[in-house]
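Comments concern the structure below.
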There are 2 protein chains.
Amino acid sequence: MSLEIRKSTRDDVGTILGLIYKLAEYEELTDMVTATEEQLQETMFCEQPYAHCQLAFWNGEPVAYALYFFNYSTFLAQPGLYLEDLFVVPENRGNGIGKEMLLSLAREAKERNCGRMEWMALDWNTRAHDFYLNLGAKMLEEWKLFRATGESLDKLASL
Amino acid sequence: MSLEIRKSTRDDVGTILGLIYKLAEYEELTDMVTATEEQLQETMFCEQPYAHCQLAFWNGEPVAYALYFFNYSTFLAQPGLYLEDLFVVPENRGNGIGKEMLLSLAREAKERNCGRMEWMALDWNTRAHDFYLNLGAKMLEEWKLFRATGESLDKLASL
């Protein structure tokens, strides 16, 4: 049995989209997905990519993806690596693939001179919290996320 | 009395750094700031900027900054605008400058074809929460932020 983790290339957009749909299925949110291969090409494999991806293959089959982008610390004037999605297909869990991907991303963060790596987890997912805390990460409990989207963003932009 | 809001240029790094220090003073965190003008140049005014800034001037004096970058929605394959810092110097509060900057950022988000705009607030800052909710934003209470930084990031990268 062999695990390979590597950065994605523009030839992988079909694989990435397939895994995005598997995540959406798992979360029962497939009707929220509007992403297409063309949009992934345009936003991730362009001159100024908005996001990046690492893929994991188990015996040659794609089994996980980690999608990330660079955020920024003002006090450090330095980028950070923000992990937007880390998804391992259910049938390949328990093999340490998620942990290997997190470590691979930490190495990527160091290579890119990032001062930190951040991600979010749902508050009920205490199993994930324990996993992250055991790896040395901290939970920043004092922050609340706000979002303006769709109509509320349109309204703000037109005020 | 006149308010001007505009995008920053590389000539503004001194102004931006001055405002970052004013934020740090306000938060009593000046010893956390290691940013220099050179680092701001290298990370924000380069070929692939990690972050962007809008500045507000009141009667020609810089009184506020909004520092943002682009995050990413996997399901939409579309960037979002993430507001990292929005700071108005204490002596110029109550003039609606913060609100004008938020609206300016919402317009920037639409111009850049962003599907959403996001930011965080400290959980005790209920005055800010009410302000954001009144503008139509939603609070996403179910998410917890995790961070690996310094030694814990080094450790992850070396495992």
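Every number here is computed from the coordinates shown, using simple stated rules; none is lab data. From a predicted model like this one, the values you see are computed outputs, not experimental measurements. Glycine gets a Cβ as well: all are built from the backbone with ideal geometry, and neighbour counts include every protein chain shown.
In table form, for the structure just shown:
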item: Debye intensity ratio in log₁₀ form over the Cα atoms of region A:2-76, taken at each q of 0.25 Å⁻¹; result: -1.20
item: Label distances, nm, A:Lys99 versus same residue in remaining copies, Cβ-directed 7 Å point; result: 5.2
item: Per DSSP, loop GluC sites (Glu not before Pro) in region B:36-82 with at most 14 further Cβ within 10 Å; result: B:Glu47
item: Percent antiparallel among DSSP beta bridges (both partners in the protein assembly as shown, rounded to 5); result: 90
item: Mean Cα-pair separation over length for region B:20-67, i.e. relative contact order, pairs under 8 Å, 6 or more apart, %; result: 19
item: Over region B:3-158: Rg over Rh, Cα atoms, Kirkwood Rh; result: 0.96
item: Rounded FRET efficiency, nearest 0.05, which uses the C-beta distance separating B:Asp123 from A:Asp11 and R0 of 51 Å; result: 0.70
item: Within region A:93-159, trypsin sites (Lys or Arg not before Pro) in DSSP loop having at most 14 other beta-carbon neighbours inside 10 Å; result: A:Arg93, A:Arg112
item: Relative contact order computed over region B:3-158 (Cα-Cα under 8 Å; 6+ residues apart), in percent; result: 18
item: Test item: Cα-centred dipole of the protein assembly as shown, Lys/Arg +1 and Asp/Glu -1 on Cβ, debye; result: 120
item: Alpha carbon Rg of the protein assembly as shown, scaled by the compact-globule rule 2.2 N^0.38 Å; result: 1.01
item: Simple Cβ-charge dipole of region B:9-120, Lys/Arg +1 and Asp/Glu -1, about Cα centre, in debye nearest 20; result: 640
item: Those trypsin sites (Lys or Arg not before Pro) in region A:1-46 that DSSP places in a loop and that have at most 16 other beta carbons within 10 Å; result: none
item: Region B:1-38 residues near the modelled B:Asn59 label - backbone nitrogen below 17 Å, point 7 Å along Cα→Cβ; result: B:1-5
item: Computed over region B:44-83: relative contact order in percent, which uses C-alpha pairs under 8 Å that are six or more apart; result: 28
item: Share, in percent, of DSSP beta bridges within chain B that are antiparallel, nearest 5; result: 90
item: Lysine pairs with alpha-carbon atoms under 23 Å apart, region A:3-158, spacing 8 or more or separate chains; result: 8
item: Other copies of A:Thr34: label-to-label distances in nm, shortest first, labels 7 Å along the beta-carbon direction; result: 4.1
item: Fewest-first ranking of B:Thr74, B:Thr36, using other Cβ atoms within 10 Å as the exposure measure; result: B:Thr36, B:Thr74
